[in-house]
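To start, the structure itself, in structure tokens.
The values are calculated or read from the model by the stated rules, or taken from the named source; none is laboratory data. Because the structure is predicted, anything quoted here is derived from the model rather than measured. Methodologically, a virtual Cβ is constructed for each residue, glycine included, from the backbone with ideal geometry; neighbour enumeration extends over all protein chains shown.
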Amino acid sequence: MLRDGKYAAWFRTARGQGTGLVELVDGQITGRDTFFTYGGSYQVNQQRFTAVLTVKRHTEGNPSVFGPDEVEVDLSGVCSGAMATCSGTAREAPEVGFECTLIYSQEEVPPADAKCAIVKLNADKLPRGPDSRSRPRAPFTPSRPPAS
């Protein structure tokens, strides 16, 4: 079952590879990487899913792994546990095969009953300023070159 949540995405084509972040919630896809935004929709049937992903450039930079800067990709894939893999092609570049791996990234939230250590501060033990060091400073003696 493909869970709702945030995923790290690793993708590749014969033209290149990249990584991004996507969020899947109630059949909708949103996400981005350094140069592109992602959107679209997905449907899940047990361990299998299909998706239509739109990719649009938001910042100049590296070339798209598809070629064109705006594409619509038809995907199909399988999910197992915290990972999903899929493949497909962009309508605008049907000759370019696309593969993607999604890794579920669950944010760790500390349990509500977690106990934190309480450290008491004793201000009397703190140094009072630059002249109140715990040990005396040795006087500065410049080094002299060895006598010949």
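Results, tabulated for the structure shown:
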read-out: Qualifying residue in segment 119-137 (condition: of a type in the set (S, T, N, Q) and either in contact with a strand residue (DSSP E or B) (Cβ under 6 Å, 6 or more places away or on another chain) or modelled with pLDDT of 65 or more (or both)); value: yes
read-out: Only one of 47, 17 that is surrounded by fewer than 19 Cβ atoms within 10 Å (Cβ to Cβ), without any contact (Cβ under 8 Å) to a residue 60 or more places away in the chain and closer than 20 Å to residue 106 by Cβ; value: 47
read-out: Selection count where residues are over 23 Å from residue 5 (Cα atoms), assigned to a strand (DSSP E or B) and of a type in the set (Gly, Ala, Ser), scope segment 34-92; value: 1
read-out: Among (1) over 30 Å from residue 35 (Cβ atoms); (2) modelled with pLDDT of 70 or more, the one test that residue 86 misses; value: (1)
